[in-house]
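J.: Encoded as structure tokens, here's the structure I'll be asking about.
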Amino acid sequence: MKKIPLFFLLALGVAPLSAEEPVKPNVIVIMADDLGYGDVSCYGATTYETPNIDKLAEQGIRFTSGYCSASTCTPTRYSFLTGNYAFRKEGTGIAPPSSPAIIPGGTPTIASMFQSVGYKTAVIGKWHLGLGGEDGPDWNGDLKPGPLEIGFDHCFLLPTTNDRVPQVYVEDHRVLNLDPNDPLWVGKKKPSEDHPTGISHRDTLKMDWTHGHNATIHNGISRIGFYTGGEEARFRDEDLADKWVEQSMKWIEENKDEPFFLFFASHDCHVPRMPHERFQGTTPHGYRTDSIVQLDWCVGELSKTLDRLELSENTLIVFCSDNGPVMDDGYADGALEKVGEHHAAGPFRGGKYSVYEGGTRTPFIATWKGTIDPAVSDEVVTTIDLYSSLASLTGAEIPADAALDSADVSGALLGKENAKGREEFVQQDNGKGGNYGFRSGNWKLQRHDSGKTRNLVVEKLLENTPVPQFQLFNLDQDPGEEENLIESHPEIAEKMKGRLAEIIESGSSRR
Ligand code: NG6
Ligand code: CA
């Protein structure tokens with residue numbers, strides 16, 4: 001990386017970058033939801049623009065081999081926070097509405113790592129990692145354990161996903177604006193015979209469902225799960241993005257004088273895609289891409305806030321996604337019908353729910369004005385590596401039993417000359433014991449223990465397609481994973497099978 005004059009660094013109040021001298025920039029991780037490699041213009045989208053995300057890429061490093069660790073939400077978020085592959089732990093698949101906390105209180109996380117070196121920490125946006133003890137969330141009481149018990153000083157959450165009940169905000173330990181005279185009830189079964197659902201009142205919905213998502217109706221949209229009460233606490237889907245920005249700006253202002261770590265967890269472009277009215281109809285492909293433009297607006301607002309507070313040159317921003325794209329994920333929002341020539345997964349095959357590259361290879365940008373030189377990098381960096389990499393940057397210690405699979409790729413992340421990313425990386429679909437993708441150099445082995453893959457072609461409806469247990473691809477020549485080379489390269493396949501099994505069985509891959 002380029003040499004930065006010392007006087008400049010001193011003026012910024014940061015020390016030069018070296019292993020001996022840790023630096024403590026503010027860190028904002030912006031994680032999009034269900035955003036594919038080709039969904040933003042700096043990664044090849046041509047039919048609409050994402051100028052604010054593009055600007056991050058112009059000013060920083062745009063990774064072409066940036067990954068999240070799973071092709072669904074909960075395992076990627078679990079791994080990002082703990083630094084452990086989610087396939088190591090039971091119960092890390094997509095969390096249901098009333099899931100207890102998946103990460104037990106006191107578990108070391110990237111957030112507690114930041115706290116240990118004096119940062120203020122917050123998560124704002126989608127959580128989807130469960131809340132509460134064994135019995136699940138006490139929606140009318142204290143919602144703990146949750147983020148505050150694993151290293152966050154503050155949280156402002158969409159507790160599950162927007163398609164799962166209940167549609168309320170959680171601030172720290174409580175549902176926000178909950179009237180004790182109108183308690184929240186959340187359950188798996190219909191609370192009464194006449195409780196309106198997406199089935200009984202389908203003709204009243206403002207957005208129809210296509211599969212699942214036919215239980216309690218809120219804001220004209222039926223959801224996964226049932227709930228009653230908490231009327232005053234309920235949000236409008238259209239206002240979520242504004243809320244994340246408002247709360248982030250407030251928190252950044254309050255914490256601007258000390259180093260801070262903000263996990264900005266956008267719900268865009270997860271279903272139900274219901275962007276604010278001012279974004280509806282702004283792109284050619286319906287609400288799915290309108291939601292991406294809304295996400296881009298959020299990124300712009302965060303960047304502007306940093307500029308206004310003169311924090312941009314002391315803030316590292318990482319932009320990433322939690323899994324690849326999906327068109328029809330349960331609502332009739334036209335994403336599939338209006339997709340046209342838009343390739344949400346870019347040149348890759350598969351998407352959400354699959355271990356083809358489209359499931360986990362996603363936009364990944366690191367920007368730190370004045371410190372990171374603008375570049376495009378093909379080094380492999382992943383969401384699971386942020387824990388070790390940022391510990392290395394800030395001089396934090398990692399407990400011996402933590403961050404078991406998090407690689408220190410800080411050099412590659414900051415664009416240091418000749419710095420390497422990962423040599424090998426395991427991708428997974430959902431939860432423990434599912435399907436794996438294993439990248440080693442430019443080779444990719446797929447191991448489908450289930451014998452099936454989901455959503456093989458992103459433009460088609462969700463489907464289960466039979467697939468051989470093992471497939472081998474050369475990503476260099478065949479990024480689209482079309483030509484299975486397992487017969488012609490048996491030695492490479494055997495070696496990779498062995499190494500993958502070793503990583504799975506050994507319980508740790510951090511060396
Ligand atoms: C699936 C849901 C899908 C989405 C996903 C989680 C059905 C039929 N499908 O079970 O709509 O909610 O879970 O997405 O209910 S994620 O990005 O949060 O992992
Ligand atoms: Ca997701």
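The values are calculated or read from the model by the stated rules, or taken from the named source; none is laboratory data. These figures come from a predicted structure and were not determined experimentally. Using ideal geometry, Cβ is built from the backbone for each residue, glycine included, and neighbour counts are taken over all protein chains shown.
J.: Do we find that Y119 is surrounded by 23 or more Cβ atoms within 10 Å (Cβ to Cβ), more than 17 Å from the chain's Cα centre (by Cα) and over 23 Å from A241 (Cβ atoms) in this structure?
T.: Taking the combined requirement at face value, the residue satisfies it.
J.: Within the range 347-364, which residues are within 20 Å of N484 (Cα to Cα) and either among the polar types (S, T, N, Q) or more than 13 Å from ligand 2 (Cβ to nearest atom) (or both)?
T.: P347, F348, R349, G350, S354, V355, Y356, E357, G358, T360, R361
J.: For the structure I just gave you, tell me whether A241 is within 16 Å of ligand 1 (Cβ to nearest atom), over 16 Å from G36 (Cβ atoms), under 17 Å from the mean Cα position of the chain (by Cα) and not aromatic (F, W, Y).
T.: For A241, the condition - within 16 Å of ligand 1 (Cβ to nearest atom), over 16 Å from G36 (Cβ atoms), under 17 Å from the mean Cα position of the chain (by Cα) and not aromatic (F, W, Y) - is not met.
J.: Let me ask another. Kindly indicate whether G411 is in a loop (DSSP other than H, G, I, E, B) and either out of contact with any Leu (no Cβ under 8 Å at 6 or more places or on another chain) or not hydrophobic (A, V, I, L, M, F, W, C) (or both).
T.: No: the conditions fail for G411.
J.: For the range 421-458, enumerate the residues that are under 20 Å from V380 (Cα atoms), part of a loop (DSSP other than H, G, I, E, B) and in contact with a helix residue (DSSP H, G or I) (Cβ under 6 Å, 6 or more places away or on another chain).
T.: Listed by number, the list holds a single entry, G421.
J.: Quick check: is even one residue across the range 136-144 within 16 Å of ligand 1 (Cβ to nearest atom), surrounded by 24 or more Cβ atoms within 10 Å (Cβ to Cβ) and part of a loop (DSSP other than H, G, I, E, B)?
T.: Looking through the range 136-144, none of the residues is within 16 Å of ligand 1 (Cβ to nearest atom), surrounded by 24 or more Cβ atoms within 10 Å (Cβ to Cβ) and part of a loop (DSSP other than H, G, I, E, B).
J.: Find the residue count for the range 476-503, including only residues that are within 13 Å of E424 (Cα to Cα) and surrounded by 15 or more Cβ atoms within 10 Å (Cβ to Cβ).
T.: So the count comes out to 5.
J.: When you scan the range 245-257, do you find a residue that is within 16 Å of ligand 1 (Cβ to nearest atom) and under 20 Å from the mean Cα position of the chain (by Cα), even just one? Even if it seems obvious, please write down each step before you answer.
T.: Pass one, the range 245-257, residues within 16 Å of ligand 1 (Cβ to nearest atom): none.
No: zero hits.
J.: Collect the residues in the range 217-238 that are free of Cβ contacts under 8 Å to residues at least 40 places away in the same chain and away from ligand 1 (no atom under 16 Å from the Cβ), keeping them in residue-number order.
T.: From the range 217-238, those free of Cβ contacts under 8 Å to residues at least 40 places away in the same chain are 217, 220, 222, 236, 238; that's our starting set.
Matches in the range 217-238: G220, R236, E238.
J.: Is it true that some residue in the range 84-100 is part of a helix (DSSP H, G or I), within 16 Å of ligand 2 (Cβ to nearest atom) and surrounded by 24 or more Cβ atoms within 10 Å (Cβ to Cβ)?
T.: Within the range 84-100, one or more residues are part of a helix (DSSP H, G or I), within 16 Å of ligand 2 (Cβ to nearest atom) and surrounded by 24 or more Cβ atoms within 10 Å (Cβ to Cβ).
J.: Give the range 78-93 a look and list any residue that's within 11 Å of L129 (Cβ to Cβ) and either within 9 Å of ligand 1 (Cβ to nearest atom) or among the aromatic types (F, W, Y) (or both), or say none.
T.: Answer for the range 78-93, where residues must be within 11 Å of L129 (Cβ to Cβ) and either within 9 Å of ligand 1 (Cβ to nearest atom) or among the aromatic types (F, W, Y) (or both): Y78, F80.
J.: In this structure, is G118 of a type outside the set (V, I, T) and within 16 Å of ligand 2 (Cβ to nearest atom)?
T.: no
J.: If you go through the range 481-510, how many residues are in a helix (DSSP H, G or I), touching a residue at least 40 places away in the same chain (Cβ under 8 Å) and of a type in the set (D, E, K, R)? Give the derivation first.
T.: At the first step, the residues of the range 481-510 found to be in a helix (DSSP H, G or I) are 490-506.
Filter once more, keeping what is touching a residue at least 40 places away in the same chain (Cβ under 8 Å): 492-493, 496-497, 499-500, 503-504.
With the extra rule that they be of a type in the set (D, E, K, R), the set shrinks to 497, 499.
Going through the range 481-510 one residue at a time, the tally reaches 2.
J.: Does L302 satisfy the condition of being of a type outside the set (V, I, T) and either within 16 Å of ligand 2 (Cβ to nearest atom) or more than 30 Å from T47 (Cα to Cα) (or both)?
T.: In short, no.
J.: What's the number of the only condition in (1) under 30 Å from I28 (Cβ atoms); (2) more than 26 Å from the chain's Cα centre (by Cα) that P196 fails to meet?
T.: P196 satisfies all of (1) under 30 Å from I28 (Cβ atoms); (2) more than 26 Å from the chain's Cα centre (by Cα) except (1).
J.: Can you name the residue in the range 368-409 that is touching a Gly at 6+ places or on another chain (Cβ under 6 Å) and surrounded by fewer than 24 Cβ atoms within 10 Å (Cβ to Cβ) and is also nearest to N26 (Cα to Cα) among such residues?
T.: Top of the filtered list is I372.
J.: Is it the case, given these coordinates, that G351 is within 30 Å of F470 (Cα to Cα), within 16 Å of ligand 1 (Cβ to nearest atom) and more than 19 Å from the chain's Cα centre (by Cα)?
T.: No, not satisfied.
J.: Still on this model: Scan the range 34-80 for residues that are in a loop (DSSP other than H, G, I, E, B), within 13 Å of ligand 2 (Cβ to nearest atom) and aliphatic (A, V, I, L, M) and jot them down.
T.: Correct list: L35 only.
J.: Quick one: which residue in P325, P363 is buried (at least 23 other Cβ atoms within 10 Å of the Cβ), away from ligand 1 (no atom under 13 Å from the Cβ), assigned by TED's automatic domain parsing to the domain that holds K126 and assigned to a loop (DSSP other than H, G, I, E, B)?
T.: After ruling out the rest, the residue left standing is P363.
J.: What are the residues in the range 48-68 that are out of contact with any helix residue (DSSP H, G or I) (no Cβ under 8 Å at 6 or more places or on another chain) and surrounded by fewer than 24 Cβ atoms within 10 Å (Cβ to Cβ), if any?
T.: Selection gives Q59, T64, S65.
J.: Any idea which residue in the range 157-175 is nearest to ligand 1 (Cβ to nearest atom), counting only those that are without any contact (Cβ under 8 Å) to a residue 60 or more places away in the chain and over 14 Å from G125 (Cβ atoms)?
T.: Only one residue fits best here, namely V175.
J.: Filter the range 255-273 down to residues that are touching a residue at least 12 places away in the same chain (Cβ under 8 Å) and away from ligand 2 (no atom under 16 Å from the Cβ), then give me how many there are. Quick ask: steps written out before the conclusion?
T.: So in the range 255-273, the residues touching a residue at least 12 places away in the same chain (Cβ under 8 Å) come out as 255-256, 258-273.
Subset that is away from ligand 2 (no atom under 16 Å from the Cβ): 255-256, 258-262.
Summing the residues that are touching a residue at least 12 places away in the same chain (Cβ under 8 Å) and away from ligand 2 (no atom under 16 Å from the Cβ) in the range 255-273 gives 7.
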